[in-house]
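Beneath this line is the structure, given in structure tokens, with notes to follow.
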Amino acid sequence: MDYRIGVIAGDGIGPEITDAAWTVLEKVAEKYGHHFERTDILMGGCSIDATGEPLTDEAIETAKKQDAVLMGSIGGNTSTSPWYKLPPEKRPEAGLLRLRKSLGLFANLRPAYLYPQLKEACPLKEATADKGFDLIIVRELTGGLYFGKRHTESLNGVIQATDTLTYNENEIRRIAIKAFDIARKRRKKVTSVDKANVLDSSRLWRKVTEEVWADYPDVELEHMLVDNCAMQLVRDPGQFDVVLTENMFGDILSDEAAMITGSLGMLSSASLNETKFGLYEPSGGSAPDIAGQDIANPIATILSAAMLLRYSLDLDEEADAIENAVRKVLDDGIRTRDILPREGTDQVKVVGCSQMGGEVAERI
Ligand code: IPM
Ligand code: MG
């Protein structure tokens, strides 16, 4: 079959990790008789440099025409890059937020799984790592603090900045439904994370989540405060199955969840709307400090490509093939620098970003 896949390479390590993932997709196409037509789309700092805008209207139109979009990462060093001297709505991240909003990508799925082969790279206590974990964060992506009204003003000579956190019940309901549907296909437990001891928006979150739960008597629901959740993730991540949460909490908790899998370079993600369309990206950032050195870990992007095949193109067998190939690569002791075992590198083969792509592709 023919499919149209948009590629937003972006900034920093984005181009290298998307190229590595594309090598894997090409191999899938060859093996299973598909054609993936690649259309590159500018977003982020590279788009600012080329057009003056982090995301142009044309780029959004092009993205809409694709069956799915694979993304690398956007943004630069927030202290030193000239992009951060621009007003907030002109900065690289504004492009990503605009894309999420214009495509209605309200559901962000971030699975965090500790590969047994990477226990050594897990920063948690050995006994905790030995138990393993397999959870998925379901993050609301188009509401909350990220999209609330904000402004900075001077009041009697004192500068003051305001951000607002708003959720309506419909926004909460649709993401809660997503989380319960996903839980049904997994271990049937939803942990809804909020700050209901302080925030009104969290109290509404709890109420609506409970209403949705009424339709899922086979799924267990627990509520957890976000500070406790941050703590439980490093104490006993094995307790979680589906973690449902709002935009900002999900941003923070998903970096934490990624890190305990061994590296930010292992966590894939899918951002979905009400249709089959999705934007697929690693959860990690653009890592400008290691960009262009061919040492980044492309596995999160490769696993994001697998999610793309599964959720947007319904190519489950092909998605399985990628996930199995990643497992084989790890079994074979092939590692990028970020996932080395603590006890030295004697037992492993250290590779760069593009070679990692090639090694996964070879095992498809
Ligand atoms: C993420 C990123 C983005 C976010 C940034 C780049 C705006 O951190 O996808 O987690 O905060 O959502
Ligand atoms: Mg983040």
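Annotations
- Only one of the listed residues (Lys27, Lys64) is over 21 Å from the mean Cα position of the chain (by Cα) and within 19 Å of Leu308 (Cβ to Cβ). That residue is Lys27.
- When each of Val234, Val208 is tested for being open to solvent by 40 Å² or more (accessible area, probe 1.4 Å) and either under 24 Å from Thr166 (Cα atoms) or out of contact with any Cys (no Cβ under 7 Å at 6 or more places or on another chain) (or both), the lone residue that passes is Val234.
- Pairing residues of the stretch 304-319 that are at pLDDT 95 or above and among the hydrophobic types (A, V, I, L, M, F, W, C) with residues that are assigned to a loop (DSSP other than H, G, I, E, B) and surrounded by fewer than 24 Cβ atoms within 10 Å (Cβ to Cβ), at Cβ distances under 7 Å and at least 6 apart in sequence or on separate chains, gives Leu309/Leu315; Leu313/Asp67.
- Glu126 passes every criterion in (1) under 30 Å from Phe180 (Cβ atoms); (2) of a type outside the set (S, T, N, Q); (3) open to solvent by 70 Å² or more (accessible area, probe 1.4 Å) apart from (1).
- Those residues of the stretch 90-121 which are within 13 Å of ligand 1 (Cβ to nearest atom) and in a helix (DSSP H, G or I), in sequence order: Pro92, Glu93, Ala94, Gly95, Leu96, Leu97, Arg98, Leu99, Arg100, Lys101
- Failed condition for Asp289, given (1) more than 16 Å from ligand 2 (Cβ to nearest atom); (2) crowded, with 19+ Cβ neighbours inside 10 Å: (2)
- Residue count, the stretch 159-206 (criterion: in contact (Cβ under 8 Å) with a residue 12 or more places away in the chain, part of a helix (DSSP H, G or I) and charged (D, E, K, R)): 7
- Where a residue in the stretch 255-272 is closer than 20 Å to Val226 by Cα and open to solvent by 10 Å² or more (accessible area, probe 1.4 Å) and its partner, wherever it lies, is in a helix (DSSP H, G or I) and away from ligand 2 (no atom under 12 Å from the Cβ), with Cβ under 6 Å and at least six apart: Glu256/Leu233
The values are calculated or read from the model by the stated rules, or taken from the named source; none is laboratory data. Worth saying up front: this structure is predicted, and the values here are computed from it rather than measured. Heads up, the Cβs are rebuilt from the backbone with ideal geometry, glycines too, and the neighbour counts pull from every protein chain shown. Surface areas here come from the heavy atoms of the whole protein model, side chains and all, with no ligands, DNA or RNA. Shrake-Rupley method; radii C 1.70, N 1.55, O 1.52, S 1.80 Å.
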